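Peer 1: I have a structure I would like to understand better, so I am pasting it below and will then ask my questions one at a time.
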Amino acid sequence: MSPLGRLRHRAERLSSFARDVAGRSGPVLVDILVAHLDCALEGARFAAAVVRGEVAAPDIDEAMRGIERRGDALRQELVGALAEAIVTPLDREDLFRLSRSIDDVLDNTRDFVREWALYAPSDASGLAGVLATLADGLGELRGAIAALIEQPDTVIASLLTAKRGANGIRRHFQAELAGLFAGELTMETLKQRELLRRLDVIGLRVGEAVGVCTDALVKRNGSYVLPSEP
């Protein structure tokens, strides 16, 4: 690197340090996570539209891949921002784990949409409610992350609602599966079971994201306790 290049690099690092000391890197990291969650929400809503028959079959895969690619780009952006940040709103390892859990939600939503197109089930009634619960849980998690800096006193309430949403997906899965197995075992039953199981996995990933965020808050502040669900 030339002497001029080294000077510019030092100036950039000093500028980055000044921004971090002033607390400006936190909002940047939070904004990236919120945008990543927006992608996950978009994926859940797209999956619901697919189940309702509102998306033409030839367009399903490419549209979902576009959402997933935007999520991947945001994850890479977070990794770069973490490498440059000196002060972070939560431990950088926890921010990385949170982003990975969000990415897992997107990946499994992609798999659900792909499997839906491959299996072509004849009945979607048991899936729509699960997808609605998924979207609600992701929305609450988004609200919790968005409030980390400006409204920290509202974070735990949003996390608790998101946790209930993730648990609600499991309850939906169990109820729908029990209904399926109460009837005759057919190929349609197996299709529905596989799709429901995929949604259950997505719910588990949402629950992991909530857990990562809660653990991070406890480590950073020592005063956050997520209440048990009644």
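Each reported figure results from applying straightforward, stated rules to the coordinates on display, with no laboratory input. It should be emphasised that the depicted structure is a prediction, and the values quoted were computed from it without experimental measurement. Backbone-built Cβ (ideal geometry, glycine too); neighbour counts: all protein chains shown.
Peer 1: Taking 8 Å as the Cα distance limit and 6 or more residues as the minimum spacing, I'd like the relative contact order of the range 84-230 as a percentage.
Peer 2: Computed over the range 84-230, the figure is 37 percent.
Peer 1: Then there is this: Which cross-chain or sequence-distant (5 or more) residues have an amide H under 5 Å from the amide H of residue 55, H modelled 1.01 Å from N in plane?
Peer 2: none
Peer 1: Okay, moving on. What is the local net charge at residue 183, summed over the other residues whose Cβ is closer than 13 Å to its Cβ (Lys, Arg +1; Asp, Glu -1)?
Peer 2: -3
Peer 1: Would you work out the charge dipole size for the range 105-230 about its Cα centre, treating the Cβ of every Lys and Arg as +1 and the Cβ of every Asp and Glu as -1, and quote it to the nearest 20 debye?
Peer 2: 240
Peer 1: Select from 88, 50, 73 the residue farthest towards the positive end of the dipole of the range 3-221; place +1 on Cβ of Lys and Arg, -1 on Cβ of Asp and Glu, and compute about the Cα centre.
Peer 2: Comparing the listed Cα positions along the dipole, 88 ranks first.
Peer 1: While we're looking at this one, here's another question. Which value, in debye to the nearest 20, describes the size of the charge dipole of the range 3-221 about its Cα centre when Lys and Arg Cβ atoms bear +1, Asp and Glu Cβ atoms bear -1, and nothing else is charged?
Peer 2: 720
Peer 1: Once the convex hull of the C-alpha atoms of the range 3-221 is built, how many Å³ does it hold per residue, rounded to a whole number?
Peer 2: Dividing the Cα hull volume of the range 3-221 by its residues yields 119 Å³.
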